[in-house]
Amino acid sequence: MVSRIPSAGREWAEELDRHDPLAAFRDRFQLPQDQTIYLDGNSLGMMPKEAMARLTKVAQWQWGDRLIRSWSEDWLEAPSRIGDLLGQELLGAQAGEVVITDSVSVNLYKLINAALDAGPDRTRIVSERAIFPTDRYILEGVARARGLELVLLEAGDGQALTPEEVSPAVDQSTALLLLQHVDYRSAAITEMAAMNQIASQAGALTLWDLCHSVGVVPVELEASRADLAVGCTYKYLNSGPGAPAFLYVRRHHQKLLRQPIWGWFSQADQFAMEELYRPPASIARFQVGTPNILGTSLVQLGVELTVEAGLGRVRTKAMALTELARFLHQQWLLDLGYGFASPKDPNRRGAHVSLRHPSARAICAELGDHRVVVDYRPPDLIRFGLAPLTVRFTDVWDALNTLRQFCPHV
Ligand SMILES: *Cc1c(COP(=O)(O)O)cnc(C)c1O
């Protein structure tokens, strides 16, 4: 039940901020000195104030003092220990199914190849034309190298593929179905369980890109019967530029799948320096070489902050923030020629909203001049990332008010 009818006045946003149980988390992050309204946490999350202390701890005590001994004391197991935390708390995975390693792009390459090797008689890969560019480039490169057919589907509503659209393309010749969980442009959420079922009925594997869901949308990898997943940590998890990514492999598949980069960190007993490559039957076989320890320590911090906030509360606030943006769009921006390019139902979208306008590029530049940082996504989208740990309701109000006042006819 709605206790009050929303108005477009700023007091409404101020009241939402006053009742926001996550309001205090903004203080845990360093804020830009020039009062910028930062709505790009889905490209690069803000810096937690504690980041410097964590880096200092690892550098000064582990690197500086314990030196090489830190590998056996902590660093060797850090990628799977922190992977377990992330997987169990935020992805609905079990212990031993997630590891922090490499970048999303490299992990995609590893898992795509592992999945294709597991179905050597299958000749087709199915994905979406609107998937994030790095995903598509890697798919195209692998498909060409192996002479496989790559089917790129297009969503009828321009937002996210439906099971009905995907089902006819996935057959007994299909090795892999690669999809984004939350679309990086529209924010539309893809129905994970239904897609997994379509793939498993055809004997194909699913690979999910979780970059725009991890940390803001609850993911149920186990319950939805997903096979494989990748995601990054520098967006909603605030782990810093180039912080290592994660990958997930359902336990049942681990001993059957082999990734193509046979590095020594995926060797059963890496310090035996054996001649033969023997990957262990665990998630460790999906690592490659020496992990980035400073970056991994910040992944732990980012996950801890989100766990402390509570993923349920983060999700609730994300829906309320995007709902406020939709309401103000209707009140102010529809008549100025802005379209709403995200799902209207808050249950069906992640933590960003996109507005459509033919002059989107110039409008984004204009917003930047007024210290509102958003993303331009070609050809005509203005993307507002509403990261719940750092964005206030009044930030949404102020940003869209700036848009209405200064950018109506750019
Ligand atoms: C950000 C993002 C990536 C980034 O991949 P990197 O290897 O970290 O550069 C990949 N996929 C999606 C959907 C993204 O949003």
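Given the condition out of contact with any Pro (no Cβ under 7 Å at 6 or more places or on another chain), within 19 Å of Ser43 (Cα to Cα) and touching a residue at least 24 places away in the same chain (Cβ under 8 Å), answer yes or no: does some residue in segment 164-172 qualify? Checked segment 164-172: no residue is out of contact with any Pro (no Cβ under 7 Å at 6 or more places or on another chain), within 19 Å of Ser43 (Cα to Cα) and touching a residue at least 24 places away in the same chain (Cβ under 8 Å). Looking across segment 269-294 at every residue that is of a type in the set (A, V, I, L, M), in contact with a helix residue (DSSP H, G or I) (Cβ under 7 Å, 6 or more places away or on another chain) and part of a loop (DSSP other than H, G, I, E, B), the one that is surrounded by the most Cβ atoms within 10 Å (Cβ to Cβ) is identified as Val288. Counting only strands (runs of 3 or more DSSP E) that sit wholly inside segment 316-410, those with at least 3 residues that are in contact with a strand residue (DSSP E or B) (Cβ under 6 Å, 6 or more places away or on another chain) and touching a residue at least 24 places away in the same chain (Cβ under 8 Å) are 352-356, 381-385. The residues of segment 216-236 that are within 16 Å of the ligand (Cβ to nearest atom) and either touching a strand residue (DSSP E or B) at 6+ places or on another chain (Cβ under 9 Å) or among the basic types (Lys, Arg) (or both), listed by number, are Val216, Val217, Val219, Ala226, Leu228, Ala229, Val230, Gly231, Cys232, Thr233, Lys235, Tyr236. State the number of residues belonging to segment 94-116 that are closer than 18 Å to Leu179 by Cα, small (Gly, Ala, Ser) and either within 16 Å of the ligand (Cβ to nearest atom) or free of Cβ contacts under 8 Å to residues at least 12 places away in the same chain (or both). Final tally of qualifying residues: 2. Thr134 meets all of the listed conditions (1) away from the ligand (no atom under 16 Å from the Cβ); (2) within 18 Å of the chain's Cα centre (by Cα); (3) farther than 27 Å from Asn347 by Cβ but one, namely (1). In this structure, is Leu221 touching a Gly at 6+ places or on another chain (Cβ under 8 Å) and more than 27 Å from Thr316 (Cβ to Cβ)? Here the answer is no, as Leu221 does not meet what is asked.
Leu210 meets all of the listed conditions (1) under 23 Å from Leu152 (Cα atoms); (2) open to solvent by 30 Å² or more (accessible area, probe 1.4 Å); (3) within 12 Å of the ligand (Cβ to nearest atom) but one, namely (2).
The condition of being away from the ligand (no atom under 15 Å from the Cβ) and modelled with pLDDT of 95 or more does not hold for Ala243. Residues in segment 187-205 that are more than 30 Å from Phe340 (Cβ to Cβ) and open to solvent by less than 30 Å² (accessible area, probe 1.4 Å): Ala199, Ala202, Ala204, Leu205. Taking the stated definitions as given, is Thr101 of a type in the set (Ser, Thr, Tyr), within 29 Å of Arg185 (Cβ to Cβ) and crowded, with 19+ Cβ neighbours inside 10 Å? Considered against the rule, which asks whether it is of a type in the set (Ser, Thr, Tyr), within 29 Å of Arg185 (Cβ to Cβ) and crowded, with 19+ Cβ neighbours inside 10 Å, Thr101 comes out as yes. Of the residues making up segment 242-266, just one is under 18 Å from Leu91 (Cβ atoms) and in contact with a Pro (Cβ under 8 Å, 6 or more places away or on another chain), namely Pro244.
Could you say which residue among Leu55, Leu31, Leu91, Leu76 is under 29 Å from Glu220 (Cα atoms) and touching a residue at least 12 places away in the same chain (Cβ under 8 Å)?
Leu91
The values are calculated or read from the model by the stated rules, or taken from the named source; none is laboratory data. Please read all numbers here as calculations on a predicted model, not as lab measurements. Backbone-built Cβ (ideal geometry, glycine too); neighbour counts: all protein chains shown. These accessible areas exclude ligands, DNA and RNA; they are computed on the full protein's heavy atoms, side chains included. Shrake-Rupley method; radii C 1.70, N 1.55, O 1.52, S 1.80 Å.
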